[in-house]
Structure formats: C-alpha cells, structure tokens
1. Could you rank the peptides 30-39, 52-61 by their average count of other C-beta atoms within 10 Å per residue, with the highest value first?
2. Can you give the three extents of the C-alpha atoms in the stretch 1-73 along their principal axes, from longest to shortest, in whole Å?
3. Sorted by packing (mean other beta-carbon atoms within 10 Å per residue), highest first, where do 42-50, 14-22 land?
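Rule-based calculations on the coordinates, nothing more; no lab input. What you see is a predicted model, and the numbers here were worked out from it, not measured in a lab. Because the Cβ atoms are built from the backbone with ideal geometry, glycine has one as well, and the counts that use them run over all protein chains shown.
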C-alpha cells in the first residue's frame with residue numbers, strides 16, 4: 001500500500017517497498033530485520049511480472065495501472081466494483097501493445 005500511496009512514479013524497488021511495509025499504518029508490526037533480505041528477494045521476483053502487466057515501468061516506477069490495480073489484486077469487495085484507468089495514448093499507440101498485436105499488416109500475427 002505504501003508504494004501505491006506514493007502515486008504514479010513512486011519507487012517500486014524492493015528496499016523502498018520493504019520500508020513502505022514498515023511505515024504502513026494498516027500493517028501491525030514491521031518486517032523482521034532478519035527477514036528483510038528475503039522479503040526484498042520476493043519483490044525482486046515479482047517485479048518483472050508487474051512490469052509485464054504494466055503496473056511498473058522499466059525504471060521500476062509505479063504506473064497509473066499499478067496505482068489502480070495493485071491494491072485490487074488482493075481479495076476484497078472493492079476489487080470487483082472498481083473501474084480501471086484509461087490507457088494513456090502513448091501506450092495504446094505502441095506497435096507492441098496488445099491492442100495492436102492483431103492490427104499489424106507488416107508483421108506475423110498469431111491470429112487464425
């Protein structure tokens with residue numbers, strides 16, 4: 001939650017995320033210092049997935065999708081009732097974006 005509270009552009013590197021856990025008022029207690037390296041490793045493992053999903057950018061900064069989506073990735077009633085942000089034009093214009101995958105006539109497309 002702390003990384004999300006920082007908003008778009010907030011640092012999503014593992015160490016700041018662990019610090020955000022320690023500073024989060026919704027979390028009782030803190031990450032045990034003996035476990036901090038393990039928790040950072042867990043974030044290091046999940047960051048490529050967050051990047052592929054568009055939750056963080058290539059500089060490991062939160063995106064609008066990440067700020068909206070990461071809190072909703074956990075079970076809860078608000079997850080099914082919220083509306084995602086509008087996709088920024090620079091993403092929808094990307095030749096590699098999913099929306100353009102099947103609209104490219106100059107590349108091999110995986111449609112049949």
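1. The peptides rank, most packed first, as 52-61, 30-39.
2. 31, 23, 19
3. Going by the mean number of other Cβ atoms within 10 Å, highest first, we get 14-22, 42-50.
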